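S.K.: This is the structure, below, for whatever I ask next.
The values are calculated or read from the model by the stated rules, or taken from the named source; none is laboratory data. Since we're looking at a predicted model, the values are computed, not measured. Every residue, glycine among them, receives a Cβ derived from its backbone with ideal geometry; neighbour counts consider all protein chains shown.
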Amino acid sequence: MSLSVISYPVFFVSVVAAMVLSVSLFPVQWLVLRPEWLGLIVFYWTFRAPGRFGVLVAWLLGLMLDVLESSTLGVNAFAMALIAFLVLTTHQRLRMFPLPQQCLMVFLLLGINQMTVHFADQVLGSGTPGFSYLLPALTGALVWPFVCAVLDRLNLKLG
Amino acid sequence: MTVSAALLFQTEGNAIKTIFAQGPWPGMRLMAVALLSLVLMVADARFQRVDDVRSVLGTMLSPIVWLGHLPEAVGEWSDNAFSSREELLAEIDSLRARLLVLERRSSKYATLAADNRALRHLESAASELDESVLVADVIGVTPDPFSHELIINKGARDNVGEGQAIIDADGLMGQVIEVNQLTSRVLLVSDSSHGVPVKVLRSGVRAVLLGTGRKDTLQLMHVPDTADIREGDLLVSSGLGGRFPRGYPVARVASIESRPGAAFSEIEAEPAAGLNTSDLVLVLFQNESPAPPPTTPGDEATKAGGMEQEAEG
């Protein structure tokens, strides 16, 4: 399913909301389980409007995430650009997938994003052992149907 | 294909464009962006050359940080708004009592400081520099669960600079690592990339105290088995290296494990400051002008002990 109408205010609000959610510590106990919100948003917008949002927008958003998380500049930026690139190359197939398979793709792409960040952290000397860094990708895949439905509805209404 | 085509034709004329058009060469763009990211990473991690970019972006994004920490702020505000009158009165009473205790202590210090200065003058030793402080609120902690950083509500506008020490009532908390216009970021002593030069208050043994990535544990590095350190010893900042001022309590030795055959013993310490709990912190400014020394080491111990007791109440 493709959207012919894209609402830029919805784009702006969703980006701000994703950033606020990635800074917020509301459920402190479940911090490691927090979905990779900005990754989801990049996925959604490149998926829905591949002609307008692409690698460069994703890179800029990732750069902002770098500043917010005070990680090394460029790490999240590149990882987000990677998501956008992979969505751009697969979005025509992605559209044909049923929802569970889409969720699997979300998990894969967010997982690649997290692995890239983790790898860069390891190289720069601030990595942590274990596989818990993949949890945001898992929870991200689980919330994908809701994020997608809400943003679709907003786009149709306001676009 | 048929399903999507049917959907496409329902939409407006440019739908075909939106589904196939994806800007020129995403692969080329990815390469360019990867190159740019690599340059940024190297510049940031190895040369600290992009701090200005970070600071500008950080200032721009401060509303988002503020929004992100709104839930906690609201919770705190409602706690305050709905606490009963009796509780507030009790708190005022306890604060008054504490103020009295501290005032008595400070008046005692004034004479001690004068004595100390006179003695130092006699010995013509270099007079120590006093620090002035700025009170700051902790308005957030870093969203990354693996790094230990705080955000405080004082920034370049209040003359806060990189490398300044941050303390709370009980001891050293960390140092400022990034300054924005209105806020600053503080690296805590427990972060795995942080180290403080310390000495044991009792015996004067010097060592470097490293963070471990856990909030309740710090590690004392390269201390020989024979060094005079016991469990419960207070570690104060030694002032060596010039970054941290001398004499602030940093941690208390929690466990010492010496393995036969190993060159150094493994010593773990518990941070003195409330890294998880402190809401108000002090930013230390090391003054240029000579002033009375803050405290002598002996007094520092009693002061730290007293603060801890009172903070419990």
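Quick grid of which residues meet (1) touching a helix residue (DSSP H, G or I) at 6+ places or on another chain (Cβ under 8 Å); (2) closer than 23 Å to B:Phe285 by Cα:
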{"residue": "B:Asp93", "(1), (2)": "no, no"}
{"residue": "B:Leu102", "(1), (2)": "no, yes"}
{"residue": "B:Ser107", "(1), (2)": "no, yes"}
{"residue": "B:Leu134", "(1), (2)": "yes, yes"}
{"residue": "B:Ile152", "(1), (2)": "no, yes"}
{"residue": "B:Arg157", "(1), (2)": "no, yes"}
{"residue": "B:Gly171", "(1), (2)": "yes, yes"}
{"residue": "B:Val176", "(1), (2)": "no, yes"}
{"residue": "B:Leu187", "(1), (2)": "no, yes"}
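S.K.: If B:Val281 meets every condition in (1) surrounded by fewer than 23 Cβ atoms within 10 Å (Cβ to Cβ); (2) under 14 Å from the mean Cα position of the chain (by Cα); (3) on the phi < 0 side of the Ramachandran plot apart from one, which number is that one?
M.R.: Looking at each condition in turn, B:Val281 falls short on (1).
S.K.: Still on this model: Return the residues of region B:55-66 that are buried (at least 17 other Cβ atoms within 10 Å of the Cβ) and either of a type outside the set (Ser, Thr, Tyr) or at the interface with chain A (Cβ under 8 Å from one of its Cβ atoms) (or both); say none if nothing qualifies.
M.R.: B:Leu57, B:Gly58, B:Leu61, B:Ile64, B:Val65, B:Trp66
S.K.: In addition: Out of the residues in region B:238-256 meeting the condition of being surrounded by fewer than 18 Cβ atoms within 10 Å (Cβ to Cβ) and without any contact (Cβ under 8 Å) to a residue 40 or more places away in the chain, tell me which one is farthest from B:Gln286 (Cα to Cα).
M.R.: B:Ser255
S.K.: Conditions: (1) assigned to a helix (DSSP H, G or I); (2) exposed (fewer than 14 other Cβ atoms within 10 Å of the Cβ); (3) free of Cβ contacts under 8 Å to residues at least 60 places away in the same chain; (4) more than 18 Å from the chain's Cα centre (by Cα). A:Phe146 meets all but one. Number of the miss?
M.R.: Of the numbered conditions (1) assigned to a helix (DSSP H, G or I); (2) exposed (fewer than 14 other Cβ atoms within 10 Å of the Cβ); (3) free of Cβ contacts under 8 Å to residues at least 60 places away in the same chain; (4) more than 18 Å from the chain's Cα centre (by Cα), the odd one out for A:Phe146 is (4).
S.K.: Related question: Answer yes or no: is there a residue in region B:100-107 that is assigned to a strand (DSSP E or B), modelled with pLDDT of 85 or more and surrounded by 12 or more Cβ atoms within 10 Å (Cβ to Cβ).
M.R.: The answer is no; no qualifying residue exists.
S.K.: Further question: When you look at B:Pro71, is it under 30 Å from A:Leu68 (Cβ atoms) and in a loop (DSSP other than H, G, I, E, B), yes or no?
M.R.: Values: under 30 Å from A:Leu68 (Cβ atoms): yes; in a loop (DSSP other than H, G, I, E, B): no.
For B:Pro71, the condition - under 30 Å from A:Leu68 (Cβ atoms) and in a loop (DSSP other than H, G, I, E, B) - is not met.
Quick grid of which residues meet (1) within 12 Å of chain B (Cβ to nearest Cβ); (2) within 30 Å of B:Ala43 (Cα to Cα); (3) of a type outside the set (S, T, N, Q); (4) in contact with a Pro (Cβ under 9 Å, 6 or more places away or on another chain):
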{"residue": "A:His118", "(1), (2), (3), (4)": "yes, yes, yes, no"}
{"residue": "A:Asp121", "(1), (2), (3), (4)": "yes, yes, yes, no"}
{"residue": "A:Ala137", "(1), (2), (3), (4)": "no, yes, yes, yes"}
{"residue": "A:Leu142", "(1), (2), (3), (4)": "no, no, yes, yes"}
{"residue": "A:Val150", "(1), (2), (3), (4)": "no, no, yes, no"}
{"residue": "A:Leu156", "(1), (2), (3), (4)": "yes, no, yes, no"}
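S.K.: Please work out which one of (1) more than 15 Å from the chain's Cα centre (by Cα); (2) assigned to a helix (DSSP H, G or I) is the condition A:Ile112 fails and give its number.
M.R.: For A:Ile112, the failing item is (1).
S.K.: Quick one: B:Ile256 ticks every box in (1) β-branched (Val, Ile, Thr); (2) closer than 28 Å to B:Ile177 by Cβ; (3) part of a strand (DSSP E or B) except a single one, so which number is it?
M.R.: It is condition (2) that B:Ile256 fails.
S.K.: Mind telling me which of the residues A:Thr128, A:Thr139 ends up being farther than 17 Å from A:Asn76 by Cα, hydroxyl-bearing (Ser, Thr, Tyr) and surrounded by 14 or more Cβ atoms within 10 Å (Cβ to Cβ)?
M.R.: Going through A:Thr128, A:Thr139 in turn, the sole match is A:Thr139.
S.K.: Name the single residue that is surrounded by the fewest Cβ atoms within 10 Å (Cβ to Cβ) among those in region A:54-79 being at the interface with chain B (Cβ under 7 Å from one of its Cβ atoms) and in contact with a Lys or Arg (Cβ under 9 Å, 6 or more places away or on another chain).
M.R.: In this case the residue turns out to be A:Leu56.
S.K.: Among the residues of region B:135-179, write down those that are away from chain A (no Cβ under 11 Å) and among the small types (Gly, Ala, Ser).
M.R.: Of everything in region B:135-179, those that are away from chain A (no Cβ under 11 Å) and among the small types (Gly, Ala, Ser) turn out to be B:Ala136, B:Gly155, B:Ala156, B:Gly161, B:Gly163, B:Ala165, B:Ala169, B:Gly171, B:Gly174.
S.K.: Restricting to region B:69-80, name every residue that is out of contact with any strand residue (DSSP E or B) (no Cβ under 7 Å at 6 or more places or on another chain) and within 10 Å of chain A (Cβ to nearest Cβ).
M.R.: B:Leu70, B:Pro71, B:Glu72, B:Gly75
S.K.: Also, I was wondering about something else. Among the residues of region A:29-53, write down those that are closer than 23 Å to B:Leu36 by Cβ, within 10 Å of chain B (Cβ to nearest Cβ) and touching a Ser or Thr at 6+ places or on another chain (Cβ under 9 Å).
M.R.: Passing the criteria: A:Pro50, A:Gly51, A:Arg52, A:Phe53.
S.K.: Could you list all residues from region B:180-235 that are within 13 Å of chain A (Cβ to nearest Cβ), out of contact with any strand residue (DSSP E or B) (no Cβ under 8 Å at 6 or more places or on another chain) and in contact (Cβ under 8 Å) with a residue 60 or more places away in the chain?
M.R.: B:Asn180, B:Gly213
S.K.: With the requirement that a residue be surrounded by 23 or more Cβ atoms within 10 Å (Cβ to Cβ) and closer than 20 Å to A:Val143 by Cα, what does region A:80-119 give you?
M.R.: Result: A:Met80, A:Ile83, A:Ala84, A:Val87, A:Val106, A:Leu109, A:Leu110, A:Asn113.
S.K.: If a residue has to be acidic (Asp, Glu) and within 7 Å of another protein chain (Cβ to nearest Cβ) to count, how many in region B:31-54 make the cut? Full working, then the answer.
M.R.: The first filter runs over region B:31-54 and keeps only residues acidic (Asp, Glu), leaving B:44, B:51-52.
Cutting the leftovers down to within 7 Å of another protein chain (Cβ to nearest Cβ) gives us B:44.
Number satisfying all stated conditions: 1.
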